[in-house]
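Bear in mind that the values in this text are calculations on the coordinates, not laboratory data. These numbers were taken from a predicted model, which means no experiment stands behind them. Cβ: placed from backbone, ideal geometry, glycine included. Neighbour counts: every protein chain shown.
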Amino acid sequence: MNYKEEFIEFLVQCDALKFGEFELKSGRIAPYFINTGMFDTGSKIKKLGTYYARAIDAHFKTEFHGIYGPAYKGIPLCITAACALADMGIDKGYVFNRKEAKTYADKSAVVGMPLTPDTRLILVDDVITSGKAIQESLEVLKGCGNPQVCGIIISVNRQEKGKTDKNALEEVADTLGISIFAIVTIREIIDFLHNRDIEGKIVLDDAMKAQIENYLKIYGVDC
């Protein structure tokens, strides 16, 4: 299997990918849900970092200086991705922002590698909806050396419409002026998991696939 297929199996094994009926923040009732909070042990978060690292390597090679993780979920992601990259022979820095500024000792709004206007960062996060949280953290960076964020890696591209008929991620990418890539897309998940036995169980049978396809007919793009 390639790293994308391995990642899909990993999502299932960690119970981070669920099928059923879920109300999203947008109000949509979706037949699938990604819960990255399920990567809750050392071994899981370590393995998760390898998939982010392989996606970073696939899209950016070594043309960056460090990994940036927006607080809070991005903090463990940037660290585990940097560790995994180091294991691959690509030793880069990491940095994350503080949600609240300290009033003593080191009062910097970020923690990690030094930043300058020439620093090139890859931002890592779990998922992106409106992009508001990322925009806020980018504003923090402007006051901390003003580095360049040259790309974003997330876990799953849901391939759904945003406020327009465009892919929601494309809308955010256009707003931020930064390219966004996902480790996998929902279409890759469907194609790989359909009627596949994962640890003695079919997690995506014909009936569930039909529900997802019907949902994507309404809300999907690039599908």
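Below is a table of values for the structure above.
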item	result
Estimated distance in nm for a label pair at Asp15 and Ala86, the labels positioned 7 Å out from Cα along Cα-to-Cβ	3.2
Derived scalar couplings ³J(HN,Hα) [region 14-31; Karplus, 6.51 cos²θ - 1.76 cosθ + 1.60; whole Hz; x for Gly, Pro]	8, 6, 8, 10, 10, 10, x, 9, 9, 7, 8, 4, 6, x, 5, 9, 9, x
Pairwise label distance in nanometres, Gln135 with Arg120, each label 7 Å out on the Cα-Cβ vector	2.7
Beta bridges by DSSP in region 143-223, antiparallel share as percent, to the nearest 5	40
Cα long-axis angle, helix 74-87 against the chain (0 to 90 degrees, to the nearest 10)	90
Kirkwood hydrodynamic radius (C-alpha pairs) into Stokes-Einstein, the chain, 20 °C and 1.002 mPa s, D in µm²/s	117
Degrees, to the nearest 10: 206-219 long Cα axis against longest axis of the chain	60
Rel. contact order, % - alpha carbon contacts under 8 angstrom, at least six apart, region 1-94	21
Region 3-219: antiparallel DSSP beta bridges as a percent of all, rounded to 5	40
The chain: relative contact order in percent, alpha carbon pairs under 8 Å with at least 6 residues between	18
Length-normalised contact order of region 68-165 in % [C-alpha pairs under 8 Å, at least 6 apart]	28
Modelled label reach - Lys142, point 7 Å along Cα→Cβ, region 157-176 residues with backbone N closer than 13 Å	176
Per-residue [θ]222 nm for the chain (sum of -39500 (n - 2.57) over DSSP H runs n ≥ 4, rounded to 500)	-12000 deg cm²/dmol
Angle between the chain longest axis and helix 3-13 axis [Cα atoms, degrees, rounded to 10]	70
